[in-house]
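The values are calculated or read from the model by the stated rules, or taken from the named source; none is laboratory data. These numbers come from a predicted model, not from an experiment. Because the Cβ atoms are built from the backbone with ideal geometry, glycine has one as well, and the counts that use them run over all protein chains shown.
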Amino acid sequence: MSTYSDAHGAGEHDVGLKLFALFAGVTIPIVMLIGLWLAVSAWNARSDARSAVASVHRLTSGTATGAASSSMPGMAMPAAGASVKGAVATPSFAGIAPENADALAAAHRPYPAALPAAPPGAIARVQLDIGHRVVSIAPGIRYDAWTFGGSVPGPVIHVRQGQRVEVTLRNTSPMPHSIDFHAAQIAPNVAFSDVLPGRSKHFSFVASVPGVFMYHCGTAPAFVHIANGMAGAIIVEPKTMPRADREYVLVSDEWYLNAAGLGRPASLDLVKAEHMTPDWVTWNGYAGQYKTHPLTAEPGQTVRFWVVDAGPSLNTEFHVVGTVLERAWLNADLVDAPQHDIQTAVVAAGGGGVFDVKIDRPGIYPFVSHSFASVQLGEVGLLNVGHVAGTMSH
Ligand SMILES: [Cu+2]
């Protein structure tokens, strides 16, 4: 019984081996073919993604290329700065710094945060030149920006309520741009219309509503023009307001980079901008500049912050570490009374706020967006009260 069983078992074993060989002979090539197909598909997907990114970068790196491509017969290219379906973002370049970052930060000339004087008289003349230029947005990080007055943010404009603001705009860049003043009540299709390369335009408005307002380029897509740096703050000082000893202007900007910006300047990564995943967030256009070069006050002084969030998309949650906002004119509403003793105040993207602090104790007081990802990405500065030594990080 056992022999038969063995013999029977050996016979079964031979048949099993033959069946297995047949099965393997058929399936192994199939499996290999499937594997090959998967590898080719993955490679194609990566190539598609890379070419999609490349086309986004071409589209956003200036209209010259975009306009030429879209005007070619038979080519259905999206307009410059338009979204491209399926495009993927570049990896994050957050926090990248060269070895000499500390020395570069120390040598950086900070954007002047002190509120400039408003002109006297009935008319405030504002001349703004538009130009494309490379700016530094963090130590060693360069960005190919579109600017008002050569800087990001554009120059701070300070006028008094009731003044007529006479604006002259000169476009020295190779593409159309414009300006949109949130402080103006004016037909935008006329005043905010495009200025062609090499041309100027002139218009005026009466600054009848007090506050701190954003101004920005409104040329389509405004999203791209703002993200490339074309924004700033205009302060319309009310006829009466509690006195402040120091006044500082802060503009929040997000930056979306298609490259690290070390050496060769970065430009806009439209996909990152649409996803609202910035590489850097800055006060007045340069990460951490008021950490290395703090704003100052004496103990007991009232310090006023005029804050604009230029976005293009994220809010700022304004907060001063170590104190409370004694007065907070939320939404920059300077017609109604301020709120008092606020810990954190929202400044909407495209909006403003005015905040007073009065700090009696000498020390180093960081001012941040308490949406803390923004701190991580560079939006932190220091108010040094009483010229004390040291620094403070968050
Ligand atoms: Cu523009």
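Screening the range 247-267 for residues that are small (Gly, Ala, Ser) and away from the ligand (no atom under 16 Å from the Cβ) and picking the one that is farthest from Asp356 (Cα to Cα) gives Gly263. Anything in the range 145-166 that is closer than 25 Å to Ala259 by Cα, outside any strand (DSSP E or B) and aliphatic (A, V, I, L, M)? List them, or say none. Answer for the range 145-166, where residues must be closer than 25 Å to Ala259 by Cα, outside any strand (DSSP E or B) and aliphatic (A, V, I, L, M): just Val152.
Screening Ala191 against (1) on the phi > 0 side of the Ramachandran plot; (2) free of Cβ contacts under 8 Å to residues at least 40 places away in the same chain leaves a single unmet condition, (1).
Residue selection: Gly353 fails the criterion of being over 19 Å from Met241 (Cα atoms), modelled with pLDDT of 95 or more and of a type outside the set (A, V, I, L, M, F, W, C). Has the range 112-121 got at least one residue that is touching a strand residue (DSSP E or B) at 6+ places or on another chain (Cβ under 8 Å), closer than 30 Å to His202 by Cβ, within 16 Å of the ligand (Cβ to nearest atom) and touching a residue at least 40 places away in the same chain (Cβ under 8 Å)? Checked against the condition, which is being touching a strand residue (DSSP E or B) at 6+ places or on another chain (Cβ under 8 Å), closer than 30 Å to His202 by Cβ, within 16 Å of the ligand (Cβ to nearest atom) and touching a residue at least 40 places away in the same chain (Cβ under 8 Å), the range 112-121 yields no hits at all. Residues in the range 204-238 that are more than 16 Å from the ligand (Cβ to nearest atom) and of a type in the set (S, T, N, Q): Ser204, Ser208. Looking across Ala244, Ala184, Ala227, one residue alone is within 30 Å of Phe367 (Cα to Cα) and free of Cβ contacts under 8 Å to residues at least 24 places away in the same chain. It is Ala184. Kindly establish whether Met230 is under 17 Å from the mean Cα position of the chain (by Cα), within 18 Å of Arg304 (Cα to Cα) and buried (at least 24 other Cβ atoms within 10 Å of the Cβ). Against the criterion (under 17 Å from the mean Cα position of the chain (by Cα), within 18 Å of Arg304 (Cα to Cα) and buried (at least 24 other Cβ atoms within 10 Å of the Cβ)), Met230 does not qualify. Against the definition (charged (D, E, K, R), surrounded by fewer than 23 Cβ atoms within 10 Å (Cβ to Cβ) and over 30 Å from Val320 (Cβ atoms)), how does Arg170 come out, yes or no? Judged against the criteria, Arg170 is a match. Could you tell me whether any residue of the range 130-144 is among the polar types (S, T, N, Q), in contact (Cβ under 8 Å) with a residue 40 or more places away in the chain, in a strand (DSSP E or B) and within 16 Å of the ligand (Cβ to nearest atom)? No, the range 130-144 contains no residue that is among the polar types (S, T, N, Q), in contact (Cβ under 8 Å) with a residue 40 or more places away in the chain, in a strand (DSSP E or B) and within 16 Å of the ligand (Cβ to nearest atom).
Confirm whether Val346 is without any contact (Cβ under 8 Å) to a residue 40 or more places away in the chain, β-branched (Val, Ile, Thr) and over 28 Å from Ala227 (Cβ atoms). Against the criterion (without any contact (Cβ under 8 Å) to a residue 40 or more places away in the chain, β-branched (Val, Ile, Thr) and over 28 Å from Ala227 (Cβ atoms)), Val346 does not qualify. Of the residues making up the range 310-328, those that are touching a residue at least 40 places away in the same chain (Cβ under 8 Å) and not aliphatic (A, V, I, L, M) are Gly311, Pro312, Ser313, Asn315, Thr316, Glu317, Phe318, His319, Gly322, Thr323, Arg327. Among the residues making up the range 175-202, those that are of a type in the set (Val, Ile, Thr) and more than 23 Å from Asp309 (Cα to Cα) are Val190, Val195. So for the range 255-273 (the condition being surrounded by fewer than 18 Cβ atoms within 10 Å (Cβ to Cβ), modelled with pLDDT under 95 and at positive phi), does at least one residue qualify? Yes, the range 255-273 contains at least one residue that is surrounded by fewer than 18 Cβ atoms within 10 Å (Cβ to Cβ), modelled with pLDDT under 95 and at positive phi. If a residue must be within 14 Å of the ligand (Cβ to nearest atom) and over 17 Å from Phe213 (Cβ atoms), how many such residues does the range 170-189 contain? Qualifying residue count, the range 170-189: 8. Within the range 239-246, not a single residue is away from the ligand (no atom under 16 Å from the Cβ) and under 24 Å from Ile130 (Cβ atoms). Scanning the range 341-376 for residues that are within 21 Å of Ala287 (Cβ to Cβ) and either of a type in the set (Asp, Glu) or buried (at least 24 other Cβ atoms within 10 Å of the Cβ) (or both) returns Val347, Phe367, Ser369.
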